[in-house]
Number of protein chains: 2
Amino acid sequence: MVKVAVLGYGTVGSGVVQIIDDNNALIKERIGDDIEVKYILDLRDFPGDKNEAKVVHDYNIILNDPEISIVCETMGGVKPAYQFSKDALEAGKSVCTSNKELVENYGPELIKTARANNCNYLFEASVGGGIPIIRPMNTSLVPENIQRIMGILNGTTNYILTKMAKEGADYADVLKEAQDLGYAERNPEADVEGHDAGRKIAILSSLMTGKTVKFADVHTEGITGIDTVDFEYAHACGKSIKLLATSEQTDAGYVAMVAPFMIGADHPLNGVNGVFNAVYVTGNMLGDVMFYGQGAGKLATASAVVSDVCECARNVGRTLPCVWSEEKLELADPSASVRKFFVRVKAEGENSVADVFKDAEKIRVKDGEFAFVTGEMSEADFKLKLESVNGVIKSIRLA
Amino acid sequence: MVKVAVLGYGTVGSGVVQIIDDNNALIKERIGDDIEVKYILDLRDFPGDKNEAKVVHDYNIILNDPEISIVCETMGGVKPAYQFSKDALEAGKSVCTSNKELVENYGPELIKTARANNCNYLFEASVGGGIPIIRPMNTSLVPENIQRIMGILNGTTNYILTKMAKEGADYADVLKEAQDLGYAERNPEADVEGHDAGRKIAILSSLMTGKTVKFADVHTEGITGIDTVDFEYAHACGKSIKLLATSEQTDAGYVAMVAPFMIGADHPLNGVNGVFNAVYVTGNMLGDVMFYGQGAGKLATASAVVSDVCECARNVGRTLPCVWSEEKLELADPSASVRKFFVRVKAEGENSVADVFKDAEKIRVKDGEFAFVTGEMSEADFKLKLESVNGVIKSIRLA
């Protein structure tokens, strides 16, 4: 019998309890053992809830119960989640988490603690919600030199951008609608400024390199500057605009960033819409692979946590491989990455564009301005050239 | 030191040797041990090849060498691959294979043999080439009741259909071109009649259900009946035509089939083009997830084999979980599955269509005939209704 404690009976935590309950027979068949949620830790009581009797308020009850071999940390935040996780691991209890903030900040330390105590710190749900990506990176892409990862890693911004693309709606209107529907927070900064996606690409970059990539070092740009006219241009050339979190090997080193990108119609990321997320990985042998699914949501995210629980149950006393050392990876400046750029310019800039960007492909959808797409060049080259153009409105990277 | 033997120095086998060689340092870092190909078994000699000295012609050299802990079976076919695999497993050597025919026919037996000998029979490369799908099904989708799998699982037919869609080319012309480029066999039957995809969906269906689904029981229809006019209709309603391998739970039981389907523009499988493959999985908790990548090709397929080799190296003396019993699953007749259908009819059939399919959405692209899309109904209902329609040219299922 595998006995599990769930920390935090919120959206994800209650989903974990539901899946272990509803799919119990099937999980038993696959892991070869009975599985049961014994405790739910929460500050609140849940009178009338079917799991009311399992709710406890004191973490020590869980920590001191030798029957508990797996703890699901679905609380979020660093305090007290860090200490709870650390204590569980030191007691030899595996921890399965959906907490990207904790994983980004303390991942390698907690992995090391797990290893020292013959248990596991697993975090499939911390990136891409229900999409299997962490375990495939740890167990399937093992022989690959991963050259690039491009991810749509935030459901809120992808919902907003998809709505803007399909309905020609304004950013502010769609954000308000998303807030009313509960898809966006009242304070949407973490999503719309790219911080949530930034933490997730920091985690994926760490797994890609085996070292620690810090979110603080990831260059982040959000979607607040994207407007309906940008989408008119995108439509005119068959592209979409997505907030991409990218990590790539360049001649100058690893570059990681979050920024809006225009993506061509033929690219698999182009069709990733609404609350769906996807991670597009390029290996030196495998070529391109993509993992697609719901990037958020109660049951999708909880399924990833329970998937980790099953792996822990199958590997009692054994630490699963995860190459993520505490050694910090110094990221290179994005200026070395090479790509094409989309640029919007006021009509007055036409001559200067012709002088500077000789192979510019022009696009016209509106009076008084035009846009063009550059050839491939480094970000540094592009920035330098752009200084000689008059009336630049904005630029967007091309994927 | 992990010492590996590769059986068959053809396309995939030589790719395995290349990846272990080129990515050696990186693999060592991730599996924590040195890895080396010690033998290559082939009937031929390879004078001048850098691995010439590793080539042996007698399998017993490999079988009797206690240093060899992992055998890569990249020969294809059942004889002698079955016996070689069985012998290796009985000697406690893990086997990693790309051989879908062998896996479909003897998978559960070889898995059982591996378990009895504390080693592994792994087959990531047998379905979807380089796409990680077998290991995610075994280790990530564990808590999911998988309700449906829809896969584009054959690169040759997807290449042909993509060419037909993009260039308005005839089936026969594109097939010839694919044969000249080496993308299709001189005898293309296994691909174009859906047999290759059928074996692969049989393997995935077995992992989905935990029982054995036989290819012989999978209903298969190929792409030889698809013509340029079908694509004109598909374009007119924003759809594509793909050869799908599907497996689903219906009220009557599990239904597995391979057949051409029309797929709407919004479906992620719509954009899977050329030699790319994808597996679209629907779980009862997770919702939809998709795994996308190169379905064939030397290095992509070999990467999946080497990924299995790494898992074996990390799990010496331990059999990884794979729920696939020898108990046969009786598939239900496809007549119970429910969907929409696209139907082409000669002009004379217009009145009978109006009588029988009251909610038909008509599409016109050509004189003398028309097409329509039905509402949702079971295959059995559809077949019955179609008998009352005059001048039916053909029908294609909608995904």
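The values are calculated or read from the model by the stated rules, or taken from the named source; none is laboratory data. The model shown is predicted, which means the values in this text are computed figures rather than measured ones. All Cβ positions, even for glycine, are placed from backbone atoms using ideal geometry, and neighbour counts span all protein chains on display.
Looking only at residues that are surrounded by fewer than 21 Cβ atoms within 10 Å (Cβ to Cβ) and closer than 18 Å to residue A:261 by Cβ in segment A:167-200, which one is farthest from the chain's Cα centre (by Cα)?
Among them, the one singled out is A:171.
Looking only at residues that are surrounded by fewer than 24 Cβ atoms within 10 Å (Cβ to Cβ) and within 9 Å of chain B (Cβ to nearest Cβ) in segment A:300-319, which one is farthest from residue B:135 (Cα to Cα)?
So, considering only residues that are surrounded by fewer than 24 Cβ atoms within 10 Å (Cβ to Cβ) and within 9 Å of chain B (Cβ to nearest Cβ), the one farthest from residue B:135 (Cα to Cα) is A:318.
What's the number of the only condition in (1) in contact with a helix residue (DSSP H, G or I) (Cβ under 8 Å, 6 or more places away or on another chain); (2) outside any helix (DSSP H, G or I); (3) more than 9 Å from chain B (Cβ to nearest Cβ); (4) at pLDDT 95 or above that residue A:296 fails to meet?
(4)
What's the total number of residues in segment A:52-75 that are buried (at least 18 other Cβ atoms within 10 Å of the Cβ) and either of a type in the set (Gly, Ala, Ser) or under 21 Å from residue A:128 (Cβ atoms) (or both)?
Of the residues in segment A:52-75, 5 are buried (at least 18 other Cβ atoms within 10 Å of the Cβ) and either of a type in the set (Gly, Ala, Ser) or under 21 Å from residue A:128 (Cβ atoms) (or both).
Go through (1) without any contact (Cβ under 8 Å) to a residue 40 or more places away in the chain; (2) surrounded by fewer than 23 Cβ atoms within 10 Å (Cβ to Cβ); (3) under 23 Å from residue A:324 (Cβ atoms) and name the single condition residue A:271 misses.
Result: residue A:271 fails condition (3) only.
Restrict the check to segment B:367-388 and report whether at least one residue is under 30 Å from residue B:3 (Cβ atoms), part of a loop (DSSP other than H, G, I, E, B) and out of contact with any Phe, Trp or Tyr (no Cβ under 9 Å at 6 or more places or on another chain).
For segment B:367-388, residues under 30 Å from residue B:3 (Cβ atoms), part of a loop (DSSP other than H, G, I, E, B) and out of contact with any Phe, Trp or Tyr (no Cβ under 9 Å at 6 or more places or on another chain): absent.
Need at least 1 residues that are small (Gly, Ala, Ser) per element, so show me which helices (runs of 4 or more DSSP H) inside segment A:1-96 make the cut, counting only ones lying wholly within it. Walk me through how you get there before you give the answer.
Values: elements: A:11-22, A:24-31, A:59-63, A:81-90.
Because the criterion is at least 1 residues that are small (Gly, Ala, Ser), the helices (runs of 4 or more DSSP H) in segment A:1-96 that meet it are A:11-22, A:24-31, A:81-90.
Test each condition in (1) within 31 Å of the chain's Cα centre (by Cα); (2) at pLDDT below 95; (3) outside any helix (DSSP H, G or I) for residue B:359 and report the one that comes out false.
Status for residue B:359: all satisfied but (1).
Go through A:272, A:258, A:279 for me and flag whichever is closer than 15 Å to residue A:158 by Cβ and either away from chain B (no Cβ under 14 Å) or at pLDDT below 95 (or both).
Details: A:272 fails: either away from chain B (no Cβ under 14 Å) or at pLDDT below 95 (or both); A:279 fails: either away from chain B (no Cβ under 14 Å) or at pLDDT below 95 (or both).
So the residue among A:272, A:258, A:279 that is closer than 15 Å to residue A:158 by Cβ and either away from chain B (no Cβ under 14 Å) or at pLDDT below 95 (or both) is A:258.
If a residue has to be within 14 Å of chain B (Cβ to nearest Cβ), more than 14 Å from residue A:76 (Cβ to Cβ) and not in a helix (DSSP H, G or I) to count, how many in segment A:112-128 make the cut?
So the count comes out to 4.
From the list B:323, B:279, B:306, which one is in the same structural domain as residue B:211 (by TED's automatic domain parsing) and either touching a residue at least 12 places away in the same chain (Cβ under 8 Å) or not in a loop (DSSP other than H, G, I, E, B) (or both)? Talk me through it step by step, then tell me what you get.
Values: B:323 fails: in the same structural domain as residue B:211 (by TED's automatic domain parsing); B:306 fails: in the same structural domain as residue B:211 (by TED's automatic domain parsing).
Sole residue among the options that is in the same structural domain as residue B:211 (by TED's automatic domain parsing) and either touching a residue at least 12 places away in the same chain (Cβ under 8 Å) or not in a loop (DSSP other than H, G, I, E, B) (or both): B:279.
So residue A:248 ticks every box in (1) within 14 Å of another protein chain (Cβ to nearest Cβ); (2) over 20 Å from residue A:158 (Cβ atoms); (3) surrounded by 22 or more Cβ atoms within 10 Å (Cβ to Cβ) but one. Which box is left unticked?
(1)
For residue B:199, are the conditions met, namely being outside any helix (DSSP H, G or I) and either more than 17 Å from residue A:289 (Cβ to Cβ) or outside the structural domain of residue B:214 (by TED's automatic domain parsing) (or both)? Steps first, answer last, please.
Working: outside any helix (DSSP H, G or I): no; either more than 17 Å from residue A:289 (Cβ to Cβ) or outside the structural domain of residue B:214 (by TED's automatic domain parsing) (or both): yes.
When the stated conditions are applied, residue B:199 does not pass them.
Filter segment B:129-140 down to the residues that are more than 7 Å from chain A (Cβ to nearest Cβ) and surrounded by 24 or more Cβ atoms within 10 Å (Cβ to Cβ), then identify the one that is farthest from residue B:277 (Cα to Cα).
Applying the first criterion (more than 7 Å from chain A (Cβ to nearest Cβ)) to segment B:129-140 yields B:129, B:133-134, B:137-138.
Right, trim to surrounded by 24 or more Cβ atoms within 10 Å (Cβ to Cβ) and you get B:129, B:133-134, B:137.
Values: B:129: 8, B:133: 11, B:134: 14, B:137: 17 Å.
Looking at the filtered set, the residue picked out is B:137.
Out of B:305, B:323, B:316, B:279, which single residue is closer than 16 Å to residue B:121 by Cβ and under 17 Å from the mean Cα position of the chain (by Cα)?
On the way: B:323 fails: under 17 Å from the mean Cα position of the chain (by Cα); B:316 fails: under 17 Å from the mean Cα position of the chain (by Cα); B:279 fails: closer than 16 Å to residue B:121 by Cβ.
The match here is B:305.
Please determine, by comparing only the residues of segment B:28-51 that are closer than 30 Å to residue A:321 by Cβ and of a type in the set (D, E, K, R), which one is surrounded by the most Cβ atoms within 10 Å (Cβ to Cβ).
The initial filter retains those residues of segment B:28-51 that are closer than 30 Å to residue A:321 by Cβ, namely B:28-41, B:51.
Okay, now just the ones that are also of a type in the set (D, E, K, R), so B:28-30, B:33-34, B:36, B:38.
On the way: B:28: 14, B:29: 11, B:30: 22, B:33: 13, B:34: 13, B:36: 13, B:38: 17.
Filtering first and then ranking leaves B:30.
What are the residues in segment A:130-178 that are of a type in the set (S, T, N, Q), part of a loop (DSSP other than H, G, I, E, B) and touching a residue at least 24 places away in the same chain (Cβ under 8 Å), if any? Step through it out loud before you land on a result.
Filtering segment A:130-178 down to residues of a type in the set (S, T, N, Q) leaves A:138-140, A:145, A:147, A:154, A:156-158, A:162.
After this cut, where a residue has to be part of a loop (DSSP other than H, G, I, E, B) as well, the list is A:140, A:145, A:154.
Listed by number, the residues that qualify are A:145, A:154.
Let's see how each residue does on (1) surrounded by 24 or more Cβ atoms within 10 Å (Cβ to Cβ); (2) closer than 21 Å to residue B:213 by Cβ; (3) at pLDDT below 95:
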{"residue": "B:86", "(1), (2), (3)": "no, no, no"}
{"residue": "B:96", "(1), (2), (3)": "yes, no, no"}
{"residue": "B:115", "(1), (2), (3)": "no, yes, no"}
{"residue": "B:126", "(1), (2), (3)": "yes, yes, no"}
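Residue B:284 versus (1) more than 12 Å from the chain's Cα centre (by Cα); (2) crowded, with 24+ Cβ neighbours inside 10 Å: which is the lone unmet condition?
Condition (2) is where residue B:284 drops out.
Out of B:109, B:185, which single residue is under 30 Å from residue B:226 (Cβ atoms), away from chain A (no Cβ under 14 Å) and not polar (S, T, N, Q)? Show your work before the answer.
On the way: B:109 fails: under 30 Å from residue B:226 (Cβ atoms).
Testing whether each residue is under 30 Å from residue B:226 (Cβ atoms), away from chain A (no Cβ under 14 Å) and not polar (S, T, N, Q) leaves just B:185.
Can you name the condition, by its number, that residue A:213 falls short on among (1) at pLDDT 95 or above; (2) surrounded by 21 or more Cβ atoms within 10 Å (Cβ to Cβ); (3) closer than 24 Å to residue A:262 by Cβ?
Among (1) at pLDDT 95 or above; (2) surrounded by 21 or more Cβ atoms within 10 Å (Cβ to Cβ); (3) closer than 24 Å to residue A:262 by Cβ, residue A:213 violates only (3).
Of the residues A:150, A:208, only one is within 13 Å of the chain's Cα centre (by Cα), surrounded by 24 or more Cβ atoms within 10 Å (Cβ to Cβ) and within 23 Å of residue B:130 (Cβ to Cβ); which? Steps first, please.
Values: A:208 fails: within 13 Å of the chain's Cα centre (by Cα).
That would be A:150, the only listed residue that is within 13 Å of the chain's Cα centre (by Cα), surrounded by 24 or more Cβ atoms within 10 Å (Cβ to Cβ) and within 23 Å of residue B:130 (Cβ to Cβ).
For segment A:324-342, does any single residue satisfy the condition of being farther than 25 Å from residue A:242 by Cα, surrounded by 17 or more Cβ atoms within 10 Å (Cβ to Cβ) and more than 9 Å from every other protein chain (Cβ to nearest Cβ)?
So in segment A:324-342, the residues farther than 25 Å from residue A:242 by Cα come out as A:324-330.
Among the residues that remain, those that are also surrounded by 17 or more Cβ atoms within 10 Å (Cβ to Cβ) are: A:324, A:329.
Then drop every residue that is not more than 9 Å from every other protein chain (Cβ to nearest Cβ), which leaves A:324, A:329.
For segment A:324-342, residues farther than 25 Å from residue A:242 by Cα, surrounded by 17 or more Cβ atoms within 10 Å (Cβ to Cβ) and more than 9 Å from every other protein chain (Cβ to nearest Cβ): present.
Checking the condition of a type in the set (S, T, N, Q) and either modelled with pLDDT of 95 or more or more than 26 Å from the chain's Cα centre (by Cα) (or both), which residue from B:337, B:388 passes? I'd like the intermediate steps shown before the answer.
Numbers: B:337 fails: either modelled with pLDDT of 95 or more or more than 26 Å from the chain's Cα centre (by Cα) (or both).
Checking each option against the conditions leaves just B:388.
All but one of (1) more than 14 Å from every other protein chain (Cβ to nearest Cβ); (2) not in a strand (DSSP E or B) hold for residue B:208, so report the exception by its number.
(1)
Please go through segment B:1-25 and pick out each residue that is in contact with a Ser or Thr (Cβ under 6 Å, 6 or more places away or on another chain) and among the aromatic types (Phe, Trp, Tyr).
none
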